[in-house]
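The values are calculated or read from the model by the stated rules, or taken from the named source; none is laboratory data. The shown structure was predicted, so the numbers you read here are calculated from the model rather than taken from an experiment. Here the Cβ positions follow ideal geometry from the backbone for every residue, glycine too, while neighbour counts run over all protein chains shown. The accessibility values were calculated without ligands, DNA or RNA, using every heavy atom of the protein model including side chains. Shrake-Rupley method; radii C 1.70, N 1.55, O 1.52, S 1.80 Å.
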Amino acid sequence: MQPVEQRDEVEMLSLMLLIRRFEERASQQYQAQKIGGFCHLYIGQEAVVAGAVAAVRDDDYIITAYRDHAHALARGTSADACMAELFGKETGCSRGLGGSMHFFNRQNHMYGGHAIVAAHVPLAVGLAFAIKYRDEDRVTLCFFGDGAINQGAFHEALNLAALFKLPIVFICENNLFAMGTSVKRSTSLKQIVDRAEGYDIPGEIVDGMNFREVRDKIAEIVSSIRKEPHPTFVEVRTYRYRGHSMSDPASYRTKQELEKYRLDDPITRLRAQLTREGNLTNEQFDQLDKKAKETVLASVKFAEKSPQPQLDKLYDYTYANGTKP
Amino acid sequence: MREITYRQALNEALAEELERDPNVFLMGEEVAEYNGAYKVSQGLLDRFGPRRIIDTPISENGFAGLGVGAAMVGLRPIIEFMTFSFSLVAFDQVVNNAPNMFTMSGGQFNIPITFRGPNGPAHQLGATHSHATEPLYANAPGLKVCTPATPRDAKGLLKTAVRDNNPVLVLEAELLYSSKGMVEPPDEELLIPLGQAEVKREGSDVSIICYSQTVPLALATAQKLEDEDISAEIVDLRSIKPLDEKAIFDSVAKTHRVVIVEQDCPFCGVGAEVCYRIQQNIFDELDAPIIRVSQEDVPMPYNERLEKAVLPNADKVIAAVKKVCYA
Ligand SMILES: Cc1ncc(C[n+]2csc(CCOP(=O)(O)OP(=O)(O)O)c2C)c(N)n1
Ligand SMILES: [Mg+2]
């Protein structure tokens, strides 16, 4: 991808389409039992990760929780490698060993895919620590859900980041629910962003259905961090259209609530903005969507014909030197 | 007797204990309004109300500790971990506070708490979500650990755990929630003591010692071994700690050959302790070295084929049995 200033909005719209089509296809393949374990879809939240990566350089660090397919794709991991991971294949982004919740891509600075709620927030602080230690001007973007902010690990991590003035953006993807628990029932604060205040970390609220707002706000924060390292907290308000995971019917929320958010769809919004400004025709949009669908369909074929990890390599990835103790 | 699922059996145990003792409450993630991530607490919120069936934020260390504190002043908390893999976030409370309090306070504060939830590898959940935690907890002095494999044992052990005056972990079997079995009717009190194994199948050639998810595996394997004229006795430990030495020794004295089928990882696993006790106490009864079948010593891979290779299975158990029987 190109550096941030020139990164094209049409390109980012394509990314959002790719994420959506990927997740739809993953859902279908899960139902066909090609994918096992837990599988959490990102549909509805696309503008958050797209806006965030559009605001940073490719060598900045990103890390997230288990709803991670989109973050891997946004970081340039191919749909092939992502789908193959879901299929548990050798060609997957974690060699078929991680699965849906544990996507990694070292080369593209995507540091996971972490399935224990909030356990990766201290890791993110470690990434940021290393940046400062080496006197680099990178930043770390740490994504997590609204459910993560009540874990001890989260609080300890925020304090450490503030204390050591580390270059990190904490991005809370507030989709109003942690599984079946609404934020109102999980958190004593009126608004999540106020968590930051307790650690003297500046906080912002951003509309996560609006790609441009996410990108611009994070770009502004990141440029200030590059000048002088410090943590910042962003509460991004978004919504997941699907259940928590493939096995959740989401009966704890109303159809009307879901419909309200779908009308505010992040892809439709960016498309409308670009069309209104004369930068995208309907034909062009259809073309982008067609391409996204084709890429994803090809990824299923790729995953299907990819080899399984070999049984005799079972012990190769337990210790770094590849030997059995 | 009637046939119910493992899930229903646990649900009945919870309901009966909540009914019996007003100091008992159930707390955990999604236990109330969602009726439990695995629906074990189905209907309990409706029946007992939000004072006693309590949803928490994702704060395992916090609510496990809350339970220990409440137990210090006489409440009898049942703390649900959505899975025991997440109990690792609360390790400090479960291992450092709950079991040490009684000793440290010179016997002033016992901790009558139950920690429960699914434990052990399920299906393709990957390394972070597949922990078999029984050896971790059984290693801590002051904790009791049970691992029911049938609906009847699940109900009887959970009820006993709630009434115990010490911290007890009820490690449920994630893959067995929907399995069925015969259980006494609800009007008959069912309590199964901790530390009592059960012979789930009589046999004469080899003792297969197992617990939790490896019990159905051992039973199915025993059926196959029958075809090869090997008669396997299946000893379900039911409790890891206290451990029923007598039941183990009785079976070994009868068959003289032992295979331990455990769901945990091999290093310092449950089978290591069982092995030690057998050779220490009834060495002369053994006609062959004991073999342990456990997981491989690797973080759990997501890939289905590799996961199968990591877990105990019928082929591995049969090979081990043949080896100890020199067959
Ligand atoms: C320590 C821990 N506890 C519980 C879980 C089970 N769990 C997985 S996701 C989740 C909800 C998290 O919600 P949120 O952080 O809002 O993220 P979202 O799913 O909305 O993206 C829960 C309870 C877990 N994975 N880790
Ligand atoms: Mg959420």
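Structure notes:
- A:ASP135 versus A:LEU297: modelled label distance in nm, points set 7 Å from Cα along the beta carbon direction: 5.5 nm
- For the range A:140-175, a decrease in accessible area of 50 Å² or greater in the assembled protein chains relative to the isolated chain, with a 1.4 Å probe, applies to A:GLN151.
- Cα long-axis angle, helix B:6-20 against chain B (0 to 90 degrees, to the nearest 10): 40 degrees
- The distance linking the range A:120-150 with the range B:245-324 is 43 Å (Cα centroid to Cα centroid, whole angstrom).
- Over all pairs of different C-alpha atoms, the range A:201-325 has a mean inverse distance whose reciprocal, the Kirkwood radius, equals 19.7 Å.
- To put it simply, the accessible area of the protein assembly as shown at a 1.4 Å probe is 52 percent carbon and sulfur.
- Amide H within-cut-off set for B:PHE25, under 5 Å, with H built and near neighbours excluded: B:ARG76, B:ILE78
- Measuring nothing but how far apart in sequence close Cα pairs (under 8 Å, 6+ apart) lie, relative to its length, the range A:216-325 scores a relative contact order of 9 percent.
- The share of alpha-carbon pairs in chain B lying farther apart than 39 Å comes to 12%.
- Rounded accessible area of A:LYS165 (nearest 10 Å², 1.4 Å probe): 110 Å²
- The Cα-based radius of gyration of the range A:1-144, divided by its Kirkwood radius, gives an Rg/Rh of 0.96.
- By average C-beta atoms within 10 angstrom, highest first, the peptides B:101-114, A:44-57, A:221-234, A:149-162: A:44-57, A:149-162, A:221-234, B:101-114
- Of all DSSP bridge pairs formed entirely within chain A, close to 10 percent run antiparallel.
- For the range B:1-141, the Kirkwood radius over C-alpha pairs fed into Stokes-Einstein at 37 °C and 0.692 mPa s yields D = 209 µm² per second.
- If you take all other residues with their beta carbon under 11 Å from the beta carbon of B:LYS39, and give Lys and Arg +1 and Asp and Glu -1, the sum is 0.
- Helix B:270-282 axis, angle to chain B major axis (alpha carbon atoms, nearest 10°): 60 degrees
- Mean-square fluctuations from a GNM of chain A, with a 10 angstrom spring cutoff on Cα atoms, peak among A:ARG95, A:ARG271, A:ARG106 at A:ARG106.
- Here the 3J(HN,Hα) profile of the range B:136-143, calculated from phi with Karplus coefficients 6.51, -1.76 and 1.60 at θ = phi - 60°, is 4, 7, 5, 6, 8, x, x, 9 Hz, Gly and Pro shown as x.
- For the range B:150-249, the spherically averaged projection of the C-alpha convex hull amounts to 7.0 nm².
- Among A:ARG253, A:ARG134, A:ARG269, the residue with the largest mean-square fluctuation in a Gaussian network model of chain A, with springs joining Cα atoms closer than 10 Å, is A:ARG134.
- Exposure ranking of B:TYR326, A:TYR261 by accessible area [1.4 Å probe, largest first]: B:TYR326, A:TYR261
- Percent breakdown of C-alpha pair distances by 10 Å bin, ordered from the shortest bin, for the protein assembly as shown: 3, 15, 23, 24, 18, 10, 5, 1, 0
- One compactness figure for the range B:198-324 is 0.99, namely its Cα radius of gyration divided by 2.2 N^0.38 Å.
- Taking all pairs of distinct alpha-carbon atoms in chain A, Kirkwood radius in angstrom: 20.1 Å
- Mean Kyte hydropathy of -0.5 or more with a Cα span along the axis of at least 18 Å, helices from DSSP in chain A: A:9-31, A:120-133, A:211-227
- With K and R counted +1 and D and E -1, the other residues having a Cβ less than 11 Å from that of A:ALA196 yield a net charge of -4.
- Convex hull of the range A:105-156 built on C-alpha atoms - directionally averaged projected area, nm²: 3.9 nm²
- Between helix B:245-255 and chain B: long-axis angle, C-alpha atoms, 0 to 90°, nearest 10: 20 degrees
- Using a probe of 1.4 Å, the accessible surface attributed to B:LYS180 totals some 130 Å² when neighbouring protein chains are kept in position.
- Here the relative contact order of chain B, from alpha carbon pairs under 8 Å that lie six or more residues apart, stands at 16 percent.
- Packing rank of A:15-23, B:237-245, B:205-213, where each peptide gets the mean count of other beta carbons within 10 Å, highest leading: B:205-213, A:15-23, B:237-245
- For the range B:78-141 versus the range A:31-71, the gap between their alpha-carbon centres in whole angstrom: 32 Å
- Taking every protein chain into account, the 1.4 Å probe leaves A:GLU24 with about 70 Å² of accessible area, to the nearest ten.
- Contact surface B-A: accessible area buried, both sides summed, square angstrom, 1.4 angstrom probe: 2800 Å²
- When the Gaussian network model of chain B links Cα atoms closer than 10 Å, the mean-square fluctuations of B:ALA253, B:ALA154, B:ALA90 top out at B:ALA253.
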